[in-house]
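Some notes on the structure that comes next.
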Amino acid sequence: MTAKQQHVAWLLISSLAITVTMLPKLVLAQSELPAVPVLAEADRLSDADLEEMLAPIALYPDTLLANTLAAAVFIDDLRAAFALQAAGQTADAATRDAWDPTVQSIAEFPEVVKMLGEHTDWAEAIGQANILQGADVMRAVQSLRDRAWANGVLASNEQQTVVTEGPTIIIEPAQPQVIFVPQYNPQVVFVERPSSTSVVTAGLIGFGVGVVVSSIFWNGNVHWGWVHSLRVGWEASLGWE
């Protein structure tokens with residue numbers, strides 16, 4: 001079994017279903033599935049470590065966040081996408097088809113590929129955390145969003161819609177097929193402040209040009225299944241299912 005197939009197998013048997021729905025055509029025999037590694041407590045990333053690691057992407061719209069978390073598992077595909085982008089080249093159909101669907105999805109967002117591609121150690125750590133500490137990752141994202149919400153930084157606008165369902169904060173694009181990547185300084189937006197007035201918080205999150213996403217991003221198995229699984233993961237980790 002190749003390293004990529006082992007990654008996929010781990011995704012299929014992880015406690016969260018986030019990445020399972022991304023690979024509907026993959027079928028593995030039960031005997032082929034490796035055992036899920038059980039991390040010793042000393043080897044687990046702490047909540048603080050996870051929040052620091054996930055802070056740069058925690059305020060991404062849910063669909064983009066879900067694809068980014070999974071794409072980080074396929075680090076070789078990410079490197080290939082970044083190398084082409086850095087060279088000013090566009091991947092042809094055969095090249096893109098060889099990448100995991102999640103990498104194909106985020107390839108439409110050059111700034112996301114650049115950030116992951118320039119910091120592959122960080123990206124790979126995100127992928128591993130998503131596999132091995134999926135529920136902890138979901139809690140960390142929600143903790144960060146809670147903080148940004150409490151600070152008055154995270155709010156609905158022309159680019160995104162922010163809603164709450166129970167303890168879960170959901171971020172969706174304001175226009176269903178146009179996604180804006182939020183730009184912010186994690187050392188600013190997540191810091192508690194004595195007064196969250198509109199003057200204090202205005203402009204702390206910026207947005208570039210919206211990306212009209214293609215069918216690979218909005219494929220039912222990829223997009224809607226992912227968002228459902230992402231929310232199920234949040235609900236399970238927060239104790240309300």
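The values are calculated or read from the model by the stated rules, or taken from the named source; none is laboratory data. Remember, it's a predicted structure, so these values are computed and weren't measured experimentally. Ideal geometry is used to build each Cβ from the backbone, glycine not excepted, and the neighbour counts take in all protein chains shown. The protein model used for the area step is the full one, side chains on, heavy atoms only, and it has no ligands, DNA or RNA in it. Shrake-Rupley method; radii C 1.70, N 1.55, O 1.52, S 1.80 Å.
What are the residues in region 80-94 that are assigned to a helix (DSSP H, G or I) and over 20 Å from T68 (Cβ atoms), if any? Break it down stepwise before answering.
Step one: of region 80-94, the residues assigned to a helix (DSSP H, G or I) are 80-86, 93-94.
Passing the criteria: A93, A94.
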Go through region 106-124 and give me each residue that's open to solvent by less than 70 Å² (accessible area, probe 1.4 Å) and part of a loop (DSSP other than H, G, I, E, B).
A107, E108, F109
Answer yes or no: is there a residue in region 98-105 that is out of contact with any helix residue (DSSP H, G or I) (no Cβ under 9 Å at 6 or more places or on another chain) and in a helix (DSSP H, G or I).
no
Looking for whichever is closer than 15 Å to V181 by Cβ, open to solvent by 10 Å² or more (accessible area, probe 1.4 Å) and in contact with a Pro (Cβ under 6 Å, 6 or more places away or on another chain) here; the options are P56, P61. Which one fits?
P56
